[in-house]
Amino acid sequence: QGEVENLVQAVGFDRCTILRPAVLLCKRQESRPMEWITQQFLGAVARVCPTAYSVPVETVARAMVACVLQPGKGKVEVLENRAIHELGKA
């Protein structure tokens, strides 16, 4: 667990969902050549194995909305990349 995750849990919310996405696939306005190359590679990998190393930002957003609308599975729920893909399916 990361330091920020521990701090968020320490606040004592009634319910908290932590999302741990892999590399986010998105279009950026700023230029980041190495990130662009990585995204191109992972985009190709995603066509074969969609939940392995990346996730589109739209999928993460849908998963976040679903987390708010669905009852939680406990006080703190941690969603890894595969679970984010499942929850974020349109």
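Output the qualifying pairs, or none if there are none: Cβ atoms under 6 angstrom, residues six or more apart or on different chains, first residue in the stretch 1-18 and over 17 Å from Leu69 (Cβ atoms), second residue assigned to a strand (DSSP E or B) and open to solvent by less than 50 Å² (accessible area, probe 1.4 Å). Close Cβ pairs satisfying both conditions: Glu5/Ile18.
Is there a residue in the stretch 51-65 that is more than 17 Å from the chain's Cα centre (by Cα) and either open to solvent by less than 40 Å² (accessible area, probe 1.4 Å) or modelled with pLDDT under 90 (or both)? No - not one qualifying residue is present in the stretch 51-65. Listed by first and then second residue, the pairs with beta-carbon distance under 8 Å, at least 6 apart or on different chains, first residue in the stretch 57-71 and on the phi < 0 side of the Ramachandran plot, second open to solvent by less than 20 Å² (accessible area, probe 1.4 Å) and part of a helix (DSSP H, G or I), are Thr59/Ile84; Val60/Ile84; Ala63/Ile84. Only a single criterion out of (1) in contact with a Leu (Cβ under 6 Å, 6 or more places away or on another chain); (2) at pLDDT 90 or above is not satisfied by Val23, namely (2).
The values are calculated or read from the model by the stated rules, or taken from the named source; none is laboratory data. On a predicted model such as this, the values are computed, not experimentally measured, just so you know. Glycine gets a Cβ as well: all are built from the backbone with ideal geometry, and neighbour counts include every protein chain shown. With ligands, DNA and RNA removed, areas are computed over all heavy atoms of the protein, side chains included. Shrake-Rupley method; radii C 1.70, N 1.55, O 1.52, S 1.80 Å.
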